[in-house]
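Derivation of every value follows stated rules applied to the coordinates shown; laboratory data play no part. Please read all numbers here as calculations on a predicted model, not as lab measurements. Reconstructed Cβ throughout: ideal geometry from the backbone, glycine too, with neighbour counts over all protein chains shown.
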Amino acid sequence: MPALLKVENLRIELNTRDGISPVIDNLSLELYPGETLSFVGESGCGKSMTALAIMGLLPDKVGRVAGGRILFNGENLATASNERLNEIRGNDISMIFQEPMTSLNPVYSIGEQIAEVLRRHQALSNKAAWSKAIELLDAVRIPDPQSRVSDYPHQMSGGQRQRVMIAIALACEPKILIADEPTTALDVTVQAQIFDLMRDLGRQSGSAIILITHDMGAVAEMAEHMIVMYAGRKAESGPVQKVIESPRHPYTQGLINCVPHLLAELTEERPQLAEIDGIVPSLKDFGRDECLFASRCEFADTLCRSQRPPGFDFGDDQIAACWRAGEIH
Amino acid sequence: MAILRATATRVVYAVILLLAVLVLNFTMMHMAPGDVADTIAQSMGGADAEIMEQIRKDYGLDQPFPVQLGTYIGKVVHFDLGYSFFYNQPVVKLILERLPATLLLVISAQLIAIILGVVLGVISARNPNGLASHFVTGLALFGYAAPVFWTGILFLILFSLKLGWFPTSGMRDVTTTGGWFAEALDIAHHAVLPVFTLCSIYLALYSRTCRSSMLEVLGSDYVRTAKAKGLSASQVVYKHALKNAVSPVITLAGLQLSAVISGAVLVETVFSWPGLGTLAFQSIIARDTPTILGILFFSALVVIVGNLLTDLALRIVDPRVRSKQ
Amino acid sequence: MSKLKPPISGQLEEEFKAQSPMMEVWSMFCRNITAMIGLVIVLIVLFAAIFGPTLYPGDPFEMVWAPFSRPGEEGYLLGTDYLGRDLTTLLVHGARVSILIGLSAALLTVLIGITVGAVAGYYKGWVEELLMRITEFFQVLPTLLFSMVIVALFGASLPMITFAIGVVSWPPVARVTRAEFLRIRELEYVTAARASGVSNFKIIFRTILPNALPPIIVQAALMVGSAILFEAGLSFLGLTDPNVVSWGQIIGSNRQYILDSSYTVTIPGLAIFITVLAISLVGDGLNDALNPKLRKR
């Protein structure tokens, strides 16, 4: 089966005060139909930039694709015209954002905001789009959709707004759904519901999902494959089960240790909760030829500080970009 | 129901504001040196003490302050704002004759300023380094710093005296014949310079406000959502962004209404436009107190009604305002 | 398992070089070219207003030459007006009145505005409600008409004109001040001051006001410009002390003669325009220098 989405050696550059920085540096990935792929990493590591690049929504004049290809069904989105991208966006590839509170337009009813995308891509009449909007609200489990459809965003809670966003994103049964930290801004109890909803509806429509998150629990629950990003580079990638059970990159290990009893039984004694000290290096250092994680890594040696590590293959698709990955399992 | 109640509250509040204007008016009249008796005596060419006493009694000036105030408010409720001894007419009649000219000037200047301001604001926000953007910046500086009567005189010199495109003064040409359409055209011809003079200040203000709110809206999350839906650039800007970006402009236009009327006073004087401003100017020279106070009252009334309309416009544009009450 | 070290950071100290806040604002302001140009013009106008009449003596009302002589003729730099008065002398003397009224009316505006805004923002509750209603009331009255009425009823002396401008212009200052007070009164150091029993008066004027000043200063600078425009409007309409010259009055008295000589109107107007423009450039410069959010750009 051919890959639905294939990203090859993607490089995204961002203009900053200190010059041009590569916020995404040599990233490759493959996404197959119906599969869920997860992007993991701290904020500022370039996860959202990758998503925006796939959508062709990198901020004007600030960011741009400087190299590599984004192949969707063989078509390179990085060089596609804006008109072509407009046909794909919201139809074949759609996206859910982090901030449900501000992602919906406050001056239009939610029904209009759902119906709009149906009219745009499926050439539905106003009336047909509106009744489909009600169906979609029902599908995302908003009670009493018949009357809520004419509500405005400010009349809904954050969780409900994110459900509306999901309804908009899935309206045209896209081949790929990108969810950029869809639950970060929500209450813990609501988070689980949103993930359930995404998984169920994604399965129904056969959409592949790219889930961007820093929540390792959600990754374990939702995804088949994962990519751990650090400072714009792929630190480790592979099947979720394998990476979580035997992480090779010290950064992946750190992230997993941040989560209490991820794989442990609840009855077991809980291990000390670790946290990763320090912060992601500043943007201007992103292009350096070294392991960018070295300054925070207790295993770092001179090689790590002088040369960028390539990806080492550990079998079953697991790849870790760490000079010492072989020793520190 | 909620909308009805909210509207009722607003109307009650507007009435209270109007009453306050009346109290202020009367207090100022009371505190000012000289009274109605003096004015009448003056217009009669002098009067002795006895007659003055009689006049004061006739006009109730010997009554205590609250009683006089009550009488004054009672009269205003019955559309009686006093009598102008200078024009020999009731003040209300005098004002109602002049009000349409001022309203024409103020409303057209406001509407043109808002519409052009939004257009300029949107164009310059879409291209922050373009020609329109520099124009808006320059216009904003000019609009703030140029005295409006000076702008008016400059327009007059250039477009009327030098180029002869527009008449120098007045609102209509008495020699015009040919039915209502020719007359309307004639008034419009006379109105161009006054309207654009008055417009110049507010066009600057509104276009700058629209540009900054548009820039903010274009960077918002919901505009990104609209783009992610695959909508075309013009749909994103004119459907999703614009409706959000005009709210600050409408709010500002409402706040500026009383300033626009102030500007109209100066512009009317420059172009001899037969409105309330010219009337105010003339009655101040003539020391015609009832007329001056009547004009102040009516202009406050115009502002209050304008604010109610602004509120209504905001309600139509922004559902959040609708459900706030 | 793994323990991760903090990153090395060397540039932090560099960014926090010790500098007094006033100096920082000043150096920020100096880097702004348009604001500096504005400042220079303002200083020139101030100089003309203070020393002009001494350096350029003569009675501005005196007829010195034939009316309507063009600028430069017979040694009269800017020519003469419809009464044969020297326009240069008129302008220099007019600067004094325009600036004086501009400054004092702005001062009055700011004093009323700060008092109302501070009390409303600090006490909140019904006090705020009442004061804000009064502010709204003043915003309903067309400012120029209102002050025309005041001047017409109570006489056109300079103090009365100043009062008439000040008493109608304060609402924007009150709004800005109130907004700042509402924000600052919730901060920890105000709570601390209140908890330690400092009097309300002291908290308002010693604790909160100094921190609320930046936006008020910008507003005050703009108010000077507005007051100059305001005075020009009043004196254009003839509502001014007939014994002194001001820029608006020169325009108002000469405007019937623009067919004979447009420069008697355009030149004083240009003086007002340039002065107010310079003040607003300074105001914008202050705004950029005082606004810490913009400072980072």
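Observations, loosely collected:
- Exercise: per-residue mean of other protein chain Cβ atoms within 10 Å, C:146-155: 6
- Of all the options B:ILE250, B:ILE285, B:ILE115, the one that moves most in a Gaussian network model of chain B with Cα springs shorter than 10 angstrom is B:ILE285.
- Across all C-alpha atoms in region C:47-295, the radius of gyration and Dmax reach 21.8, 74 Å.
- For the residues of B:229-236, the average number of beta carbons from a partner chain within 10 Å of their own beta carbon is 6.
- Mean-position separation - Cα centroids, region B:291-325 and region A:115-192, in angstrom: 37 Å
- Rg ratio (alpha-carbon, reference 2.2 N^0.38 Å) - region A:99-171: 0.97
- Proxy reagent accessibility, fewest Cβ within 10 Å first, across A:CYS297, A:CYS172: A:CYS172, A:CYS297
- Candidate aspartates and glutamates for bridging to A:LYS127, where Cα separation is under 18 Å - those fewer than 8 sequence places away on the same chain excluded: A:GLU112, A:GLU116, A:GLU135, A:ASP138, A:ASP151
- Taken about its Cα centre, region C:47-295 carries a charge dipole of roughly 1080 debye when the Cβ of each Lys and Arg holds +1 and the Cβ of each Asp and Glu holds -1.
- Each principal axis of the Cα atoms in region C:107-252 has its own extent, and those three values, largest first, are 57, 26, 19 angstrom.
- Within 10 Å of each Cβ in C:130-143, the average number of Cβ atoms from other chains: 5
- For A:THR36, the residues 5 or more places off, or on other chains, whose built amide H falls under 5 Å of its own are A:ILE209, A:GLU224, A:HIS225.
- Magnitude of the charge dipole, chain A, Cβ model with Lys/Arg +1 and Asp/Glu -1, debye to 20: 1000 debye
- Estimated from helices alone, the mean residue ellipticity of the protein assembly as shown at 222 nm is -19000 deg cm²/dmol (sum of -39500 (n - 2.57) over DSSP H runs with n ≥ 4, per residue).
- Over region B:122-254, the fraction of Cα-Cα pairs per 5 Å bin, rounded to whole percents and listed from the shortest bin up, is 2, 10, 14, 14, 13, 12, 11, 10, 7, 5, 2, 1, 0.
- Projecting the Cα atoms of A:VAL243, B:LEU301, C:ILE165 onto the charge dipole of the protein assembly as shown (Cβ charges, centred on the Cα centre) puts A:VAL243 farthest toward the positive pole.
- Of A:LYS175/B:LYS227; A:LYS6/A:LYS132; A:LYS61/A:LYS284; A:LYS234/A:LYS284, pairs whose Cα-Cα distance is over 21 Å: A:LYS6/A:LYS132
- The percentage of C-alpha pairs in chain B whose separation is greater than 25 Å is 62%.
- In straight-distance terms, cross-link reach from C:LYS124 covers every one of the aspartates and glutamates whose alpha-carbon lies under 15 Å from its own, apart from those fewer than eight places away in the same chain; here that gives C:GLU180, C:GLU186.
- Both radii come from the Cα set of the protein assembly as shown: Rg as radius of gyration, Rh as Kirkwood radius; their ratio Rg/Rh reads 1.06.
- Computed over the Cα atoms of chain A, pair by distinct pair, the Kirkwood hydrodynamic radius stands at 20.9 angstrom.
- When the convex hull of its Cα atoms is projected in every direction, mean area for region A:1-108 (nm²): 8.5 nm²
- Given +1 at the Cβ of Lys and Arg, -1 at the Cβ of Asp and Glu and no other charges, the dipole of the protein assembly as shown around its Cα centre is 460 debye to the nearest 20.
- Residue of A:ASN91, A:ASN105, A:ASN26 that the Gaussian network model of chain A assigns the largest fluctuation, springs spanning Cα pairs under 10 Å: A:ASN105
- In the calculated pair-distance distribution of region C:139-197, the portion above 20 angstrom amounts to 50 percent of the Cα-Cα pairs.
- Of the peptides C:179-185, C:160-166, B:67-73, C:102-108, the order by per-residue mean of other Cβ atoms within 10 Å, starting with the highest, comes out as C:160-166, C:102-108, C:179-185, B:67-73.
- For the protein assembly as shown, Cys with no neighbouring Cys Cβ under 4.7 Å: A:CYS45, A:CYS172, A:CYS258, A:CYS297, A:CYS322, B:CYS199, B:CYS210, C:CYS30
- Of all the options A:GLY232, A:GLY254, A:GLY90, the one that moves most in a Gaussian network model of chain A with Cα springs shorter than 10 angstrom is A:GLY254.
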